[in-house]
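The values are calculated or read from the model by the stated rules, or taken from the named source; none is laboratory data. These numbers were taken from a predicted model, which means no experiment stands behind them. In this analysis, Cβ positions are derived from the backbone assuming ideal geometry, glycine residues included, and neighbour counts consider all displayed protein chains.
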Amino acid sequence: MSKRDYGRFNYRGVPNGRVSTTTSTPLEGRRGDLWVYPGAGTGKFYVKKSSSESVTSSTTLQNDDDIVFDLPEPGVYNVIALLTFGGATAGDLKVAWAVSGGAAQLTTRRCIGPAIGTTAFDNTSMRMTAHNLTTEVSYGTEEATTGVIREEFLVETAGTGTVQLRWAQRTSSATATVLSSNTYATIEKLKPVCVAGISYYDGSSWSAAAF
């Protein structure tokens, strides 16, 4: 297929074939035009803590310094956070999330991590529960080793928005609760199964392109 055939498929010689990149149906279609839906592709991004962050003698949720995502365009996003942490057994850790600027919770979040009362991360009871993003979910800490928490959920936005990790000690302790620099999170824009990535105009309607 030559460059002059791009977008024309079986209709060679069609003049002025156009490629439209839009989330809404192009207003005018001509035989052989292409429609590329921006949400068809997926993109996966990550943020990692630049340094360890600690909280001492505080049960007031604070925004994490690093784990925050700006959603640049409309769509559904999958967020996965892997938190590496430690601290005094008496302090424990509680976690929540905030969404703003048009972002909204689409599913509850899956919370997996050491249960309150743990004394050894390598042999402990676990919590595996589902909660709203703003719910304060508590996990157990222990001072000898670091532990891991996994949280995952879907958010959506019709425009732009922000997703922010928040955390604090569950019980005030003079020994710091620490979120390690090994903590990171990923976010991926998902493609709806009903959206064709590339469509062409067959003279009367838009149809999924076959390659």
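Among the residues of region 87-125, count how many are of a type outside the set (Val, Ile, Thr) and closer than 13 Å to residue 167 by Cβ.
Here the count works out to 10.
Quick one: in region 160-178, which of the residues that are over 19 Å from residue 135 (Cβ atoms) and in a loop (DSSP other than H, G, I, E, B) is modelled with the lowest pLDDT?
The selected residue is 160.
Give me the strands (runs of 3 or more DSSP E) completely within region 33-144, filtered to those with at least 1 residues that are at pLDDT 95 or above, ordered by residue number. Even if it seems obvious, please write down each step before you answer.
Numbers: elements: 34-36, 44-48, 53-55, 62-71, 75-86, 93-100, 103-105, 109-114, 126-131, 137-139.
Correct list: 44-48, 53-55, 62-71, 75-86, 93-100, 103-105, 109-114, 126-131, 137-139.
How many residues does region 145-159 contain that are over 21 Å from residue 110 (Cβ atoms) and either outside the structural domain of residue 97 (by TED's automatic domain parsing) or outside any loop (DSSP other than H, G, I, E, B) (or both)?
0
Select from region 101-145 the residues that are among the hydroxyl-bearing types (Ser, Thr, Tyr) and in contact (Cβ under 8 Å) with a residue 24 or more places away in the chain and list them in ascending order.
Hits for region 101-145 are 107, 108, 118, 119, 134, 135, 138, 139, 141, 145.
State which residue is surrounded by the fewest Cβ atoms within 10 Å (Cβ to Cβ) when the search covers only region 179-211 and only residues that are modelled with pLDDT under 80 and not in a loop (DSSP other than H, G, I, E, B).
Step one: of region 179-211, the residues modelled with pLDDT under 80 are 191-211.
From what's left, not in a loop (DSSP other than H, G, I, E, B): 198-201, 206-208.
Details: 198: 15, 199: 22, 200: 22, 201: 23, 206: 17, 207: 12, 208: 10.
Checking each candidate, the answer is 208.
Tell me which of these residue 74 doesn't satisfy, since it passes every other one: (1) buried (at least 21 other Cβ atoms within 10 Å of the Cβ); (2) touching a helix residue (DSSP H, G or I) at 6+ places or on another chain (Cβ under 8 Å).
The failed condition is (1).
Out of the residues in region 125-157 that are among the hydrophobic types (A, V, I, L, M, F, W, C) and surrounded by fewer than 21 Cβ atoms within 10 Å (Cβ to Cβ), which is farthest from residue 84 (Cα to Cα)?
Filtering region 125-157 for residues that are among the hydrophobic types (A, V, I, L, M, F, W, C) and surrounded by fewer than 21 Cβ atoms within 10 Å (Cβ to Cβ), the one farthest from residue 84 (Cα to Cα) comes out as 154.
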